[in-house]
Every structure is written in structure tokens, then in C-alpha cells.
1. Using +1 on the beta carbon of Lys and Arg, -1 on that of Asp and Glu, and nothing else charged, what's the dipole of the stretch 7-85 about the Cα centre, debye to 20?
2. Test of understanding: what is the full-extension gain from SER16 to GLU52, defined as 0.36 nm times their sequence separation minus their Cα-Cα distance?
3. Of THR6, THR83, GLY73, which is farthest along the charge dipole of the chain in the positive direction, counting Lys and Arg as +1 and Asp and Glu as -1 at C-beta?
4. Please calculate how many Å² of accessible area the chain carries per residue, with a 1.4 Å probe and no DNA, RNA or ligand atoms counted.
5. What part of the accessible area of the chain, given as a whole %, is carbon or sulfur when the probe is 1.4 angstrom?
6. With springs only between Cα atoms under 10 Å apart, run a GNM on the chain and tell me which of ASP71, ASP35, ASP21 wobbles the most.
7. Can you tell me which of VAL14, VAL55, VAL23 moves the most in a GNM of the chain? Springs connect C-alpha atoms under 10 Å apart.
8. Do you know the relative contact order of the stretch 31-86, to the nearest whole percent, from alpha carbon pairs under 8 angstrom that are 6+ apart?
Amino acid sequence: KELAATIVEKLKDVTSYEGEDAVFECRLSRETTQDAQWSLGDVPLQSNEMNEIRVQGMRHTLILRKVTLEDCGSISFKVGQHTSTA
């Protein structure tokens, strides 16, 4: 059974202006096949034309494209039992 990954580099708060991209990064203790989930408030995010979700080894990145005032709120990243919020 795979060891659970932990979050070793937590999310940092990001301030963006309308129309800019907001970038959030998290680093895990190890590469994992566990499902990682990004959320804005209580809404799970998926990769699409407005949100880009990248995984490069242990680094997980969320890019919110051309943010608006509606995008204001808490971003959270969850893997297994571990969560980080900004």
C-alpha cells in the first residue's frame, strides 16, 4: 500500500487584480497517485479554459486565468487527510 503524501510546502496567499492570472503552488513530500483536489470555497475545480491544474512530480499548481471579483475567496488543496488553504 502506498504511503500517504503530506504537504511540505503550503499554499501562500495571492493578491491579484481583475484580468490577471492567480497562481497557487503546493509541494508534496512525494509523488503520489492519490487524488489531489483544488477548490474555490466549497466548489471543486477542474482543469478547463478558466483553470489550469498542473502536476509536475511533487509540485501541484493551480492557475486561475483572468480572475474576476467572483473568484475572490479561499483556495484549498487537499490530498488524502492533508489540506492547505490560502
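The values are calculated or read from the model by the stated rules, or taken from the named source; none is laboratory data. From a predicted model like this one, the values you see are computed outputs, not experimental measurements. Heads up, the Cβs are rebuilt from the backbone with ideal geometry, glycines too, and the neighbour counts pull from every protein chain shown. To get the accessible areas, we keep the full protein, side chains included, count just its heavy atoms, and leave off ligands, DNA and RNA. Shrake-Rupley method; radii C 1.70, N 1.55, O 1.52, S 1.80 Å.
1. Values: 9 positive and 13 negative charges, 82 e Å.
Around 400 debye, computed over the stretch 7-85.
2. Numbers: separation 36, 0.36 × 36 = 12.96 nm, distance 1.63 nm.
Full extension from SER16 to GLU52 adds 11.3 nm.
3. Positive-end residue among those listed: THR6.
4. Working: 5790 Å² over 86 residues.
Result: 67 Å² of accessible area for each residue.
5. Values: 2820 of 5790 Å².
Carbon plus sulfur share of accessible area: 49 percent.
6. Among ASP71, ASP35, ASP21, the largest GNM mean-square fluctuation belongs to ASP35.
7. Top of the fluctuation ranking is VAL14.
8. Values: 74 pairs, mean separation 20.9, N = 56.
Contact order relative to length: 37 percent.
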